[in-house]
Amino acid sequence: MFHNIPDIVKKRMRFLENIDSRDRDDGTTRMQRLRQIPPETGKFLSLLAASAPRGEFIEIGTSAGYSSLWIALACQIHGIKLKTHEVLESKIKLAKETIKITEMEDIIELIEGDARKFIKNYDNIAFCFLDAEKEIYEECYDLVIPKMIKGGLLIADNAINHYETLKTMINKALTDSRVDAIVVPIGKGELLCRKNY
């Protein structure tokens with residue numbers, strides 16, 4: 001999977017990594033920044049997604065489509081589509097550009113709008129990556145977990161660097177009998193949950 005990443009995808013990944021790095025260095029305001037995952041988290045997501053069972057693959061918080069590209073590598077293996085949700089117009093524009101430039105239109109479906117309004121339409125979620133505004137994490141968790149199939153994976157970003165904001169949701173996951181959960185110290189910290197039944 002990692003050895004066969006198309007050059008156009010690698011190029012776009014590097015482009016987005018450079019934007020993200022520049023924004024962090026010059027102190028760009030919180031809402032304007034891409035706030036995307038680092039490459040090692042992208043690889044982690046790809047490996048998890050490739051190991052997920054068959055079902056719907058969703059992403060809550062597309063940003064510019066960087067994490068979408070990593071997940072899409074696994075979707076190609078499964079022969080399925082990633083449905084990714086974004087609310088901010090500036091990020092939707094960049095994500096559309098990412099999908100078009102990388103020729104991933106058949107693999108990545110960008111859905112404009114609040115993911116919370118769409119989750120009810122999914123009945124067999126096998127993989128979910130959550131990387132949106134931290135204030136909606138717990139609500140998204142509560143919506144997604146009942147819709148997940150057995151063995152399905154939910155990964156939530158920022159479990160370490162935003163622990164104080166997310167601790168209620170993290171503690172809920174760690175004590176939820178429906179899932180096995182652990183916080184993985186990679187990137188900004190990933191809450192990894194696997195549905196038990």
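The values are calculated or read from the model by the stated rules, or taken from the named source; none is laboratory data. Because the structure is a prediction, the values reported are computed rather than measured. Methodologically, a virtual Cβ is constructed for each residue, glycine included, from the backbone with ideal geometry; neighbour enumeration extends over all protein chains shown.
Evaluate the following for Asp7: is it more than 27 Å from Lys120 (Cα to Cα), modelled with pLDDT of 95 or more and surrounded by fewer than 23 Cβ atoms within 10 Å (Cβ to Cβ)? In short, yes. Under the condition of being free of Cβ contacts under 8 Å to residues at least 60 places away in the same chain and surrounded by fewer than 18 Cβ atoms within 10 Å (Cβ to Cβ), which residue from region 180-193 is farthest from Gly152 (Cα to Cα)? Out of the qualifying residues, it is Pro185. If you go through region 45-74 and keep only what is under 22 Å from Ser21 (Cβ atoms) and assigned to a loop (DSSP other than H, G, I, E, B), you end up with Gly61, Thr62, Ser63, Ala64, Gly65.
A single entry from Ile149, Ile186 fulfils the requirement of being among the hydrophobic types (A, V, I, L, M, F, W, C) and under 16 Å from the mean Cα position of the chain (by Cα): Ile186.
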